[in-house]
Amino acid sequence: MKSKIPFLTRLRYFSVENESVVDRLTGHLLRLRASNGDQIDIDLSSKDEAKVRRRAKLIWDMREGYVSSRTLKREDRERLKSVSTGVTLSGPATEHEVDLIGAALHDEMPWMRPVTEKIWLDMRSHLQSGGVGMKFSPTLMVGPPGIGKSHLARRLGELSKSPSMAIDVSATTEGFSVVGSQRTWGSSTPGRPVQAILETGVGNPIVVIDEICKARIVTSSNGANTSVLHGLLGLLEPVSARNWDCPYYQTSFDMSHVNWILTANLNDRLPDALRSRMRIVSVPPLTTDHLVQFAEKEVLKRGLSNEIVEDILRLLSAYPDQHPLRNLRTVTKHLNDIEALCKMPILV
């Protein structure tokens, strides 16, 4: 069984949440006196009872300081309780396993080598220094669309047996899906990274923030502002991430183990404060050879005819070099169409 690390940095739960704090403290006091040779059946004095009530009130006040349970739905309290004993860290356990993951990524996506090589070295260094599970530095990939940035994260998750997710900022410009929203918003919700950790019990998922260069600031009807650009600053900074304040649960989580991959078409649109927290890697456009290699692997995986690769090559030749449609999406769409035709029933 994998060992667990703390995830809730401020919130505390009693083993039996509905049990009276006064009863627990009273029982503890009686047991303490019994262990000292006192008679356990002697009733507590009014002075003892007053002391117990004062201590109970102190505990209630402290718990209110951690999180106001009255503002949380029952299902939210249950989600937090599920990780009250900690979370696990997934990923390779040995340097050999890391090498196998790196080799597989290099073979499947050779055009991503500038990125995969750095992630591979990070994972090796993490284990060599005594770390547990998968960990690599926050990485910003800058390059054209359709080169497989989200696919890279998905394959990295599959190979390392770690949860992974891709969040398209261009489709959710307000950034709620990344950092969550405060309860002052009408449709308040926790961020998807926090949701993934609570659902899987794994503290180091792979999170891809796609097209971060399209993020913007949104203002609610009561004047509250939200932006994924501002929210990511605390999540990408190791010190603040260890005690990150969740706007939805209004308590702190240790998000320092999350593995971040950000993508952008342009780098100069991002604030300097955000860029300084990431390693920036430029990924060149895909060549025809890269696209053909990808098509060959997909044709083999899907059990299609090798002649389809020639069709893909003719399709790509119809577009000039550097055309935006010369990408993995175009190849994948063409393969999907062909595969669907091959599976159609033959009409007699």
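The values are calculated or read from the model by the stated rules, or taken from the named source; none is laboratory data. Keep in mind the model is a prediction, meaning the values are calculated, not measured. With ideal geometry, Cβ positions are generated from the backbone for all residues, glycine too; neighbour counts draw on all protein chains shown. These area figures cover heavy atoms from the full protein model, side chains too; ligands, DNA and RNA do not enter into them. Shrake-Rupley method; radii C 1.70, N 1.55, O 1.52, S 1.80 Å.
Here are the numbers:
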quantity: Hits in the range 206-246 (condition: open to solvent by 30 Å² or more (accessible area, probe 1.4 Å), part of a loop (DSSP other than H, G, I, E, B) and modelled with pLDDT under 90); calculated: Glu211, Arg216, Ile217, Ser221, Asn222, Gly223
quantity: Tally, over the range 306-336, of residues that are assigned to a helix (DSSP H, G or I) and either open to solvent by less than 60 Å² (accessible area, probe 1.4 Å) or under 21 Å from Pro145 (Cα atoms) (or both); calculated: 17
quantity: Test: residue in the range 258-275 that is among the basic types (Lys, Arg), surrounded by fewer than 18 Cβ atoms within 10 Å (Cβ to Cβ) and in a loop (DSSP other than H, G, I, E, B); calculated: yes
quantity: Residue in the range 51-65 that is open to solvent by 50 Å² or more (accessible area, probe 1.4 Å), at pLDDT below 75, not aromatic (Phe, Trp, Tyr) and not in a helix (DSSP H, G or I) present; calculated: no
quantity: Residues within the range 82-109 that are modelled with pLDDT of 90 or more, under 24 Å from the mean Cα position of the chain (by Cα) and over 30 Å from Pro285 (Cβ atoms), tallied; calculated: 12
quantity: Residues satisfying the stated conditions in the range 276-302, i.e. in a loop (DSSP other than H, G, I, E, B) and either under 24 Å from Arg113 (Cβ atoms) or touching an Asp or Glu at 6+ places or on another chain (Cβ under 9 Å) (or both); calculated: Arg277, Met278, Val283, Pro284, Pro285, Leu286, Thr287
quantity: Helices (runs of 4 or more DSSP H) wholly inside the range 110-191 that include at least 1 residues being under 28 Å from Val331 (Cβ atoms), over 18 Å from the mean Cα position of the chain (by Cα) and at pLDDT 85 or above; calculated: 113-128
quantity: Any chance Gly203 is under 19 Å from Ser164 (Cβ atoms), of a type outside the set (A, V, I, L, M) and at pLDDT 95 or above; calculated: yes
quantity: Sole exception among (1) open to solvent by less than 80 Å² (accessible area, probe 1.4 Å); (2) outside any loop (DSSP other than H, G, I, E, B); (3) modelled with pLDDT of 85 or more for Arg79, by number; calculated: (1)
